[in-house]
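In what follows, a single structure is set out as structure tokens and then discussed.
The values are calculated or read from the model by the stated rules, or taken from the named source; none is laboratory data. Just so you know, these numbers come straight off a predicted model, no measurement behind them. Methodologically, a virtual Cβ is constructed for each residue, glycine included, from the backbone with ideal geometry; neighbour enumeration extends over all protein chains shown.
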Amino acid sequence: MRDATRVVRSGLTPAVTGEPLHEGPVFVSTFHTVGEPDATRYSYGRSHQPAWTALERAIGAMEVDEASEPAGARVFGSGLAAVSAVFSAVLRPGDNVVVQEGCYFGARQLLAEMFVPRGVTVRLAAAEELSEVESLRGARLVWVETPANPGMEVADIGAVVAAAKQAGALVAVDNTTATPLGQRPLELGADFSVCSDSKAMNGHSDVLLGHVACRDAELLRGVDQVRTLHGAIAGPMEAWLLLRSLATLPLRLERLSANALAIAEFLESRPEVSRVLYPGLKHSPGHSIAAAQMRHFGPVLGFTLRDRAAAEAFLRGARLVTDTTSFGGVSTTAERRARWGGDAVAEGFIRMSVGLEDVEDLIEDFGRALDGI
């Protein structure tokens, strides 16, 4: 059974006459619990919830191919909560973590402000250095994000895993820009696959969610314990909204990726643009690696205009771009990324998330906006 079919049918309930076709949200904080708590599946809403179970089952199946046993998945109240769960489950005082230097700023900030003061050492490394055993010596965890946000750096997951195994380290991959439908880190040997489901997984810019998936039951237990003890849980309505949205992910991701590639090629043709970063471009750094490990290149790209004023003029002039942060939604969004700080990008760098609009309309609109700079 192909990916799209599996994803579309993942939200169906068993075929029982008179029962609902799809899972629905279950609004409950506590359950009937007679006798020993271990004898019941659900007891208290901070630990377990039927809406999570249905969603986690669907995500676990997406994270691996059809021939494999479904991965274990745990959903969280946000993508950063999922990131924090991996760090909290794995890292202890005295541990070293090697972090891809171009990864999401929130993950780096979390380590710097919450884990370094507690005795964890953070070492930054370029994407290509993560596949060198010497760069990983002494590490407990290697944190990879590919394609990275916002610079679109690509890391070879299989090569990183091979080097990490020799160094005795675990590997976690932030898979947000690709989603499990676009790239499967667990199939490439990673120990953890982490995703902010607020982005393309949900796709409608209306919920905050995240998940962690892994194949090792002991690692999953650690992540589960962190969720229960930290209380970083998803609401039942949000979980149901994501489960409902997954059915359209195959269509959305295919169209988003096709539109993003067309826009990247268009931007390359414009003299106002000095550089375009998108792993789907054949001459882009890391394209050969991305093509080997990704099924879709995703909706996110970056491009550089001459300066801050030019970037802001473009964003003001483009009628079909909403100036906002985040990415992966059905409508096209963009922002001058340097306004937040924390990322090594130029003042004129724009991160864009291409949406589902007609690509010809987007090209015409962007052309007018560039003409106006």
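Identify, by number, the condition in (1) under 18 Å from Ser10 (Cα atoms); (2) surrounded by fewer than 24 Cβ atoms within 10 Å (Cβ to Cβ); (3) not polar (S, T, N, Q) that Leu243 doesn't meet.
Result: Leu243 passes all but (2).
Residue-wise test of (1) assigned by TED's automatic domain parsing to the domain that holds Met294; (2) in contact with a Leu (Cβ under 8 Å, 6 or more places away or on another chain); (3) without any contact (Cβ under 8 Å) to a residue 40 or more places away in the chain.
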site	(1), (2), (3)
Gly18	no, no, yes
His22	no, yes, no
Arg41	no, no, yes
Arg57	no, no, no
Ala67	no, no, yes
Ser78	no, yes, no
Ala81	no, no, no
Val90	no, yes, no
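Which residue pairs have Cβ atoms under 8 Å apart, sit 6 or more places apart or on different chains, and have a first residue in region 126-137 that is more than 15 Å from Gly168 (Cβ to Cβ) and without any contact (Cβ under 8 Å) to a residue 12 or more places away in the chain and a second that is in a helix (DSSP H, G or I) and of a type in the set (Ser, Thr, Tyr)?
Glu129/Ser135
For region 33-60, what are the residues that are exposed (fewer than 12 other Cβ atoms within 10 Å of the Cβ) and basic (Lys, Arg)?
Arg41
Checking the condition over 20 Å from Pro25 (Cα atoms) and at pLDDT below 95, which residue from Ser284, Ser269 passes?
Ser284
Is at least one residue of region 184-195 of a type in the set (Ser, Thr, Tyr) and in contact with a helix residue (DSSP H, G or I) (Cβ under 6 Å, 6 or more places away or on another chain)?
Within region 184-195 (the criterion being of a type in the set (Ser, Thr, Tyr) and in contact with a helix residue (DSSP H, G or I) (Cβ under 6 Å, 6 or more places away or on another chain)), the answer is yes, since at least one residue qualifies.
Being more than 21 Å from Glu145 (Cα to Cα) and among the aromatic types (Phe, Trp, Tyr) narrows it down to one of Phe327, Phe366, so name that one. Full working, then the answer.
Values: Phe327 fails: more than 21 Å from Glu145 (Cα to Cα).
Just one listed residue meets the conditions, Phe366.
Out of the residues in region 335-347 that are without any contact (Cβ under 8 Å) to a residue 60 or more places away in the chain and out of contact with any Phe, Trp or Tyr (no Cβ under 9 Å at 6 or more places or on another chain), which is surrounded by the most Cβ atoms within 10 Å (Cβ to Cβ)?
Residue satisfying both the conditions and the ranking: Glu335.
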